[in-house]
Amino acid sequence: MSRHPELKWAQRQDKVFITVQLPDSKDAKVNLEGEGIFTFSASSGAENHLYELKLELHDKVNVEESKVNVGPRSIFCILEKAEKGWWKKLLRGDGKAPHYVKVDWDKWVDEDEDNGHGDLDLGGMDFSNFGGMGDMGGMDMGDDGPGEFDDSDDEDEVAMPEAEDVEKTGAEKAAEKDADMSIAGRQEDKK
């Protein structure tokens, strides 16, 4: 039986960023199909546990322009959307996202803040490991093909929080203001 690694995602108008968090992964294999099917498999840990994912993305992607970087702690994918536009969620369907799919708040940009320049700092990642994913459309996922994935009932999708859901409440703003005033008062006392 396979396990699911934690997956974080973020987006821009033209891209989706997926980070599969699986330290010390071995034999990592990623497959992307233009219809929006993303599959991943690798082994990790002292006992070489098998980790697999099969995701039906919200919309189509451009396989030839998408890229993958396999690092020592994670597998980072930049998926080019087939059509520019904001996805309401990562996966197709109406339900909640699986527990292992989370928003990558470090890379997230709100729709109204996206300047279209793709200003994400990739920290010098080398995307030459797999090259473009164009040749990965038919990538062999092992001796038995893609295999059976553990489809649990909790593979539902959750919509992304709206901008107002992320804003600070009045109480949080008041607490910050009180803290700022307290710091200012201490600085005055030192003078």
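Let me confirm something: among LYS67, LYS107, which residue is modelled with pLDDT of 95 or more and of a type in the set (Lys, Arg)?
Within the list LYS67, LYS107, the selection yields LYS67.
Can you pull out the residues in region 12-49 that are within 15 Å of ASN69 (Cβ to Cβ) and either surrounded by fewer than 18 Cβ atoms within 10 Å (Cβ to Cβ) or without any contact (Cβ under 8 Å) to a residue 24 or more places away in the chain (or both)?
Scanning region 12-49 gives GLN21, PRO23.
Within region 70-85, take every residue that is among the hydrophobic types (A, V, I, L, M, F, W, C) and surrounded by 17 or more Cβ atoms within 10 Å (Cβ to Cβ) and give me the one that is modelled with the lowest pLDDT.
Of everything passing the filter in region 70-85, VAL70 is modelled with the lowest pLDDT.
The values are calculated or read from the model by the stated rules, or taken from the named source; none is laboratory data. Here the structure is a predicted model, which is why all the values come from computation and not from measurement. Glycine also receives a Cβ, built like all others from the backbone with ideal geometry; neighbour counts cover every protein chain displayed.
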